[in-house]
Amino acid sequence: DLVVGVDLNDHDTQEKVLQYFQVHKPLVCVMAPTCTPYSPMAHTNFHTHFDGWHRSYLSASPHARFCGRVATVQLISRRHFLREQPHPTMMDEEPPWPTVLQHPNVEKEIVDQCSFGQIVDGLPAKKPTELLASHPVLLRYFRGMRCKGCPQHADLQSGRCTQAKLWTWPFSRAVANGIADLVKLTRNS
């Protein structure tokens with residue numbers, strides 16, 4: 001939605017996207033819904049800056065719920081999804097995500113962004129990140145990717161965490177390689 005100027009909070013746009021999924025049946029949907037009101041810092045903001053947190057929630061929650069609907073459509077259709085969020089995330093409490101999480105095929109993997117070369121202010125950025133997927137192959141290249149003991153990490157407080165929101169090339173390759181492996185697996189079965 002950032003690249004093509006589509007507003008995924010808009011109801012009509014959401015319906016068109018769902019129609020696209022019904023007609024074209026993509027094997028995998030990769031999602032990184034807006035995380036601000038669901039991120040680890042959101043709990044603090046909820047208590048200290050409620051008005052700002054609430055505005056953020058009103059802006060992000062339609063997108064989070066829509067992504068949950070897309071994940072549900074993919075599961076019902078026996079297709080797949082991969083969702084990326086900071087860890088821990090309160091998005092898992094936003095309907096329909098609790099139902100999605102109960103699906104027997106859905107798995108989580110937690111990684112540290114520094115393991116994928118994420119840098120902020122010249123230092124490795126740990127930024128724990130959660131991946132939620134409907135097939136273990138989508139998580140294959142994320143397994144065991146926790147910090148290996150960086151001597152120092154970047155301080156991601158005071159809004160600097162947004163500097164680590166873009167995926168690094170190694171992280172992007174892990175997503176793409178998991179999808180490629182799933183395509184091969186589904187073609188061979």
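The values are calculated or read from the model by the stated rules, or taken from the named source; none is laboratory data. Only a predicted model underlies this, so the values are computations on that prediction, with no experimental measurement involved. Ideal geometry is used to build each Cβ from the backbone, glycine not excepted, and the neighbour counts take in all protein chains shown. These area figures cover heavy atoms from the full protein model, side chains too; ligands, DNA and RNA do not enter into them. Shrake-Rupley method; radii C 1.70, N 1.55, O 1.52, S 1.80 Å.
The per residue volume of the convex hull around the alpha-carbon atoms of the chain is 129 Å³. The alpha carbon centroids of region 101-176 and region 1-51 are separated by 19 Å.
Ignoring everything but the protein chains, give the 1.4 Å probe accessible area of D92 in square angstrom, nearest 10. Looks like 20 Å² after rounding. The phi-based Karplus calculation (6.51 cos²θ - 1.76 cosθ + 1.60; θ = phi - 60°) puts the 3J(HN,Hα) values of region 88-105 at x, 10, 8, 4, 4, 8, 7, x, x, 4, x, 5, 4, 5, 7, 5, x, 8 Hz, whole numbers, x for Gly and Pro.
Is region 34-145 best put as rounded, prolate or oblate by its Cα gyration tensor, with a ≥ b ≥ c the root eigenvalues, rounded for a/c under 1.5, and otherwise prolate when a/b is larger than b/c, oblate when not? Could the numbers behind the result be given before it?
Working: a/c = 2.48, a/b = 1.11, b/c = 2.24.
Verdict is oblate for region 34-145.
Explain nothing, just the number: dipole magnitude of the chain about its Cα centre with +1 on each Lys and Arg Cβ and -1 on each Asp and Glu Cβ, in debye rounded to the nearest 20. Mind showing how you got there, number by number?
Numbers: 20 positive and 17 negative charges, 156 e Å.
Using Cβ point charges on Lys, Arg, Asp and Glu, the chain gives about 740 debye.
Rank these residues by their accessible area, most exposed first, probe 1.4 Å: R140, R55, R146. Show your work: numbers first, answer last.
Values: R140 125, R55 155, R146 100 Å².
Of R140, R55, R146, the descending order of accessible area is R55, R140, R146.
Solvent-accessible surface of region 39-189, averaged per residue with a 1.4 angstrom probe and all protein chains in place: 53 square angstrom. Accessible area ranking (1.4 Å probe, heavy atoms, ligands and nucleic acids excluded), largest first, for K108, K25: K25, K108.
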